[in-house]
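Notes to accompany the following structure.
The values are calculated or read from the model by the stated rules, or taken from the named source; none is laboratory data. In this text, all values refer to a predicted model and were calculated from it rather than measured experimentally. Cβ coordinates were reconstructed from backbone atoms using ideal geometry, including for glycine residues, and neighbour counts include every protein chain displayed.
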Amino acid sequence: MTFGTRRCTIHRLHLKELSLACSGLYERNVAALDSSTHPTERVSPCPVCNAEEARPRFAVDGIAAPVVVCIECGLGRFHPSPEVEEVRALYPDEYYGEPGRKFQPLVEWLVRLVGTRHIGFLSRNLQPGAKVLDVGCGRGVLLGELADRGFEVHGQEISAEAARGADPRAEIRIASSIAAAGYEDCSLDEVIIWHVLEHLPDPRGSLEAVHRALKPSGRLVVAVPNFESAQARWTGAAWFHLDLPRHLFQFPASALQRLLSEVGFEVLSEHHFSLRQNPFGWMQSVLNRFPGLPRNGLYTLLHHRSAGGSLPFDARTRFWLRFWLVAGAPFGLLATVIETIARSGATVHMVARKRED
């Protein structure tokens, strides 16, 4: 079946379907598709390698388009891809939490603590007063810490709702894309795209816009879930970091490195350890394989609720989720250490430098 024919015969990702998906932000069922009954098919050119063959891999309840995987570079994506207004419908107000808060107080404190620990990594070798942009800055957790260290901080978000509670020292531009935000060419010292690239409808175009905005030899720090990781391979459709349907793309580390190189970056280092992302990813992904437990239920339980908001699930389910949070933490940490040594982390972040050809 050709790409044109498929677009004529398959329903698009409709706003109504996406609203249904968002009514339970993290609970939509994801099913693996049998490769024997879903052969490779013609699709639109892959944004990484331009290949036009892919294999359907996952189906999401209520979403007509499957996630397909490029047979050349391994990039996963929805086919057909959603329209801009459909992507915006994936992010209701409850996705962001209350102003400046996304999780329960203890978890929020831990997130900020871990965030503070890697500020040194993000600001390494930057000169005082350097101009730093955080793409998809959200609540500005990173920006406040960077401002404390004397940097000129900027953020870009697609929604003012997303940026509520951000540090007032940050200049935040609300725009549909990095290019639309209008940053001048060669004006930035560093750009951070921290678990945002997989959400963007045009990852190649976004990286090209970043390349233009960076000064000569300017630095990019980009982090994504690693679609070729041990965690992703072992847990399959139960993988927490799939985050369908909000993750429009599923990047293998090798595909991300290839895309960065093609856009004009030189990758300086690749890192597979994340205390914030990887241990919890193991715990939640394993729990997602337990029949009877809600998909991503632990994450939902830890998510912040407005005053008066009721607790999710019944008391028995909450008990087991909390029990496995405590019991599974050592396992998650051990698995994270092992996958880091094997350079197969559930998430990967790369530091790249703008290459002047």
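Taking every residue in region 32-54 that is under 11 Å from residue 73 (Cα atoms) and pairing it with any residue that is modelled with pLDDT under 95, at least 6 positions away or on another chain, the pairs with Cβ-Cβ distances below 6 Å are 53/40.
With respect to the conditions (1) touching a helix residue (DSSP H, G or I) at 6+ places or on another chain (Cβ under 7 Å); (2) of a type in the set (A, V, I, L, M); (3) at pLDDT below 95, residue 163 falls short on a single one, namely (1).
Of the candidates 108, 98, the single residue that is in a helix (DSSP H, G or I), modelled with pLDDT under 80 and either within 28 Å of residue 322 (Cβ to Cβ) or out of contact with any strand residue (DSSP E or B) (no Cβ under 8 Å at 6 or more places or on another chain) (or both) is 108. Working only within region 233-246, note down all residues that are surrounded by 24 or more Cβ atoms within 10 Å (Cβ to Cβ) and not in a loop (DSSP other than H, G, I, E, B). Passing the criteria: 240, 241, 242. Of the residues making up region 141-155, those that are at pLDDT 95 or above and buried (at least 24 other Cβ atoms within 10 Å of the Cβ) are 153, 155. Across region 268-282, a minimum of one residue is classified as free of Cβ contacts under 8 Å to residues at least 60 places away in the same chain and out of contact with any His (no Cβ under 7 Å at 6 or more places or on another chain).
Would you check if residue 269 is over 22 Å from residue 71 (Cα atoms), surrounded by fewer than 23 Cβ atoms within 10 Å (Cβ to Cβ), of a type outside the set (A, V, I, L, M) and modelled with pLDDT under 95? When the stated conditions are applied, residue 269 does not pass them.
Inclusion of residue 227 among residues that are touching a residue at least 60 places away in the same chain (Cβ under 8 Å) and either under 25 Å from residue 79 (Cα atoms) or touching a Lys or Arg at 6+ places or on another chain (Cβ under 7 Å) (or both) is warranted.
Applying the selection to region 163-180, what residues are surrounded by 21 or more Cβ atoms within 10 Å (Cβ to Cβ), assigned to a loop (DSSP other than H, G, I, E, B) and under 19 Å from the mean Cα position of the chain (by Cα)? Within region 163-180, 163 is the sole residue that qualifies. When 138, 205 are checked against the criterion of being within 30 Å of residue 46 (Cβ to Cβ), out of contact with any helix residue (DSSP H, G or I) (no Cβ under 6 Å at 6 or more places or on another chain), free of Cβ contacts under 8 Å to residues at least 60 places away in the same chain and surrounded by fewer than 18 Cβ atoms within 10 Å (Cβ to Cβ), 205 stands alone in meeting it.
Only residues that are surrounded by fewer than 16 Cβ atoms within 10 Å (Cβ to Cβ), in a helix (DSSP H, G or I) and of a type outside the set (Gly, Ala, Ser) were counted across region 318-357, and they come to 12. Given the condition among the aliphatic types (A, V, I, L, M), in the same structural domain as residue 186 (by TED's automatic domain parsing) and in contact with an Asp or Glu (Cβ under 8 Å, 6 or more places away or on another chain), answer yes or no: does some residue in region 272-281 qualify? Within region 272-281 (the criterion being among the aliphatic types (A, V, I, L, M), in the same structural domain as residue 186 (by TED's automatic domain parsing) and in contact with an Asp or Glu (Cβ under 8 Å, 6 or more places away or on another chain)), the answer is no, since none of the residues qualifies.
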